[in-house]
Amino acid sequence: MSHIQSLWAATANAHQTRVKLEGSITTDVIIIGGGYTGLSTAYHLARQHVNCVVLEQQQVGWGASGRNGGMVLTGYKSSMYDIAKKLGKDAARELLAISVDGINVVADIVAKHGIACSLANCGNFDAAYKPAHFDALKKNQEYMLKHFNYETHIVEKKDLKQELDSPLYHGGLVDPHSYSFHPLNYALGLADAAESLGAVIYDETPALSIQKVGQQFIVKTPSGQVSAMHLVMGTNGYTTELCKQLAVSVMPIGSYIVATERLPRATVERLIPNDRMVADTKNFLYYFRRTPDDRILLGGRVDFAGMESPALYNTVHGNLLEVFPELKDRKIEYRWGGLLGFTLDFFPHIGQLEDGTHFALGYCGHGASISSLMGKLIAQNVIDPLREKNQLERIPLKRIPLHGQRAIVLNLVSKYYHLLDKLF
């Protein structure tokens, strides 16, 4: 199956189609999932001369890694102020540093291998949807500067056009440490880099079953099987009952994107003057940006069923016009979507299951940066199981209550967060 018809697929670098697995092979590490997590794991294992095989059910970067908004951001779903209240200042400080490390891993790989993915240190802008949200951003900015010496800056509503020409918002916060990139081109380049070091990647090779026989994992595919001492699950929002313990701990949520026709350079420079990655402060947030070819891209989580439809994309187009009403006569040339992985506590998680399976998932919309770091950490855990774990690795993964009644859970969550957006 080819990549979905997104803007990123239409502007992807030339790339190879990899073969399917045929027959039985043995390796050191089996990696299920050819997105950032799995590819980064393969890359960092191969750098240490560990044999590994990646099994991707479609093509490298086919899932969220090739469909996201291309926003390589610091932080997590929750603010650092809220994280510090929950876990303490020291833990929050370490978690912030870990998120910055994620960006550094991406930048280092891109630089080392010359990956052409439009990586740029543009920073991001958190747009305050309500005055109370602006107050919360200001509190977070002051807290991070005082306790973490982490510099961001506040933009008052009267100065908003310095960052964003939209009537919808009440000021915001600039974090200059974030990046942007072409997400699919990064995935493709990361795969090439992993292969250049000795990793083996198979496309169109879904994992059908997993068995543990003695100390060996055996993964069967439609035309073969792989045996190895170690297994890595890197499937995030596309995690299935193939690994039940992970499937009940991550909630797939649909996120959908539209991109305009190419606009005059003067228009996009006025709408988002500093080329920031932008997200607003609603629970059902909008995220938007300029693209390298002068379009405006906007995405949002507007459907929990994961089913695309013309009505759904009309809603996302309406969201775009809320932010930028002047684009009402501009064509929408690309529409696409996919699944994010959310956890109960809104943190990404990494670790091992009782049978020894390594995993990382639950990026909650921040996977473009931290997933590459997760792959590096998984590789380290395979090589050195006794290494000291960081704060993020010590947060336990929890089962999502009523996971079997997914539709009921999602409907309740949707009503709750829509109510919060209206009230607060």
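The values are calculated or read from the model by the stated rules, or taken from the named source; none is laboratory data. These figures come from a predicted structure and were not determined experimentally. Cβ: placed from backbone, ideal geometry, glycine included. Neighbour counts: every protein chain shown.
The table below gives the values:
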{"quantity": "The stretch 359-371 residues that are closer than 16 Å to Gly300 by Cα and touching a residue at least 24 places away in the same chain (Cβ under 8 Å), paired with ones that are among the hydroxyl-bearing types (Ser, Thr, Tyr) and assigned to a helix (DSSP H, G or I) (beta carbon under 7 Å, 6 or more apart)", "calculated": "Tyr363/Ser371; Gly367/Tyr36"}
{"quantity": "Of residues in the stretch 258-273 being touching a helix residue (DSSP H, G or I) at 6+ places or on another chain (Cβ under 7 Å) and buried (at least 21 other Cβ atoms within 10 Å of the Cβ), the one farthest from Phe347 (Cα to Cα)", "calculated": "Thr260"}
{"quantity": "Single residue of Ser180, Ser227 found to be surrounded by fewer than 17 Cβ atoms within 10 Å (Cβ to Cβ) and either touching a residue at least 40 places away in the same chain (Cβ under 8 Å) or within 20 Å of Gly35 (Cα to Cα) (or both)", "calculated": "Ser227"}
{"quantity": "Strands (runs of 3 or more DSSP E) contained in the stretch 224-328 and holding at least 1 residues closer than 30 Å to Thr357 by Cβ", "calculated": "224-228, 230-233, 251-260, 296-303"}
{"quantity": "Pair list, Cβ < 8 Å and 6+ apart or interchain, from the stretch 37-59 residues that are at positive phi to residues that are outside any helix (DSSP H, G or I) and not aromatic (Phe, Trp, Tyr)", "calculated": "His49/Gly198"}
{"quantity": "Considering residues of the stretch 338-364 that are touching a Lys or Arg at 6+ places or on another chain (Cβ under 7 Å) and farther than 20 Å from Leu87 by Cβ only, the residue surrounded by the most Cβ atoms within 10 Å (Cβ to Cβ)", "calculated": "Gly338"}
{"quantity": "Among the candidates Gly198, Gly189, residue that is closer than 30 Å to His3 by Cα and in a loop (DSSP other than H, G, I, E, B)", "calculated": "Gly198"}
{"quantity": "Any hit, the stretch 310-327, residues being within 24 Å of Ile370 (Cβ to Cβ) and either at pLDDT 95 or above or surrounded by 22 or more Cβ atoms within 10 Å (Cβ to Cβ) (or both)", "calculated": "no"}
{"quantity": "Subset of the stretch 200-210 [surrounded by 17 or more Cβ atoms within 10 Å (Cβ to Cβ) and over 23 Å from the mean Cα position of the chain (by Cα)]", "calculated": "Val200, Ile210"}
{"quantity": "Top-ranked residue of the stretch 125-144 - restricted to ones that are of a type in the set (A, V, I, L, M, F, W, C) and either farther than 22 Å from Arg93 by Cα or more than 26 Å from the chain's Cα centre (by Cα) (or both), ranked as surrounded by the most Cβ atoms within 10 Å (Cβ to Cβ)", "calculated": "Ala127"}
{"quantity": "In the stretch 57-106, residue nearest to the chain's Cα centre (by Cα) [restricted to those that are polar (S, T, N, Q) and not in a loop (DSSP other than H, G, I, E, B)]", "calculated": "Ser65"}
{"quantity": "Residues being within 18 Å of the chain's Cα centre (by Cα), of a type outside the set (A, V, I, L, M) and at pLDDT 95 or above - total across the stretch 213-237", "calculated": "3"}
